[in-house]
Amino acid sequence: MTEKPLTRRRAETRQRLLDAALEAFAEQGYGATSVEQVCARANFTRGAFYSNFDSLDELFLAMWEQRSAQLLHDLEELLAAPDEANLATLRDAVAHVADAVPVDDEWYRVTAEFTAHALRNPILKQVVAAREDAILATLLPLLDRLMATVGRRITDRDALGHALVAAHDGTTVQCLIEDDQQAARTRRTDLFTVLVEHYTEEI
């Protein structure tokens, strides 16, 4: 769609639609949610929706981009002064970041279903893959900075990025479904540490 100027009022409308959609997707499922249901939750008309998004797919991608940007911003702030965090070991550094990455039940339910939806749509699948690559391209320089604080450097940035994404996705499920969430989170940090150690070396 042709991008319209993002006035304050339009930004507020978009945000209300995004918030309403997240609630609907998490409660009902992505595939079971209609544009009309999102509009009803946001108290807007279909016209308001289609003046901002061409489809629910486009809305979800905007939602994902927003949340990814916020996460990367939070991580950048977290790593702005790593020396102040007293990171003595590699595991300290990994735990410092892992603790800041949310394990969000609502968001996981939405993204898991949308990923399955994207796998049935070749064009959408390419869009999702490209956006994940863009996130990694922003994340890895932050990890370079973090590793330097504990005297290590990344040896295979592409492999490390994809390994961390895979570990994050898998351990998120465990953290959400297991009764002992603290134990699951400890194993999550342990796995991240093993991966980072494998794909880094001492300087």
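The values are calculated or read from the model by the stated rules, or taken from the named source; none is laboratory data. The shown structure was predicted, so the numbers you read here are calculated from the model rather than taken from an experiment. Virtual Cβ from ideal backbone geometry, glycine too; neighbours counted across all protein chains shown. Just so you know, the surface numbers come from the protein's heavy atoms only, side chains and all, with ligands and any DNA or RNA stripped out. Shrake-Rupley method; radii C 1.70, N 1.55, O 1.52, S 1.80 Å.
For the range 41-60, what are the residues that are part of a helix (DSSP H, G or I) and surrounded by 13 or more Cβ atoms within 10 Å (Cβ to Cβ)?
The initial filter retains those residues of the range 41-60 that are part of a helix (DSSP H, G or I), namely 41-42, 46-50, 56-60.
Once the filter is applied, which keeps residues that are part of a helix (DSSP H, G or I) and surrounded by 13 or more Cβ atoms within 10 Å (Cβ to Cβ), the range 41-60 yields ARG41, ALA42, ALA48, PHE49, TYR50, LEU56, ASP57, GLU58, LEU59, PHE60.
The number of residues in the range 175-188 being buried (at least 17 other Cβ atoms within 10 Å of the Cβ) and of a type outside the set (D, E, K, R) comes to 2.
Among the residues that make up the range 19-34, is at least one of them among the β-branched types (Val, Ile, Thr), over 21 Å from ALA166 (Cα atoms), open to solvent by 50 Å² or more (accessible area, probe 1.4 Å) and not in a helix (DSSP H, G or I)? Looking for residues that are among the β-branched types (Val, Ile, Thr), over 21 Å from ALA166 (Cα atoms), open to solvent by 50 Å² or more (accessible area, probe 1.4 Å) and not in a helix (DSSP H, G or I), one finds none in the range 19-34, hence no. Counting only residues that are modelled with pLDDT of 90 or more, of a type in the set (A, V, I, L, M, F, W, C) and assigned to a loop (DSSP other than H, G, I, E, B), how many does the range 74-113 have? Result for the range 74-113: 1.
Of the conditions (1) in contact (Cβ under 8 Å) with a residue 60 or more places away in the chain; (2) open to solvent by 30 Å² or more (accessible area, probe 1.4 Å); (3) not charged (D, E, K, R), THR172 satisfies every one except a single condition; which number is it? Condition (2) is where THR172 drops out.
Being open to solvent by 40 Å² or more (accessible area, probe 1.4 Å) and more than 24 Å from GLN174 (Cα to Cα) is a property that ALA88 has.
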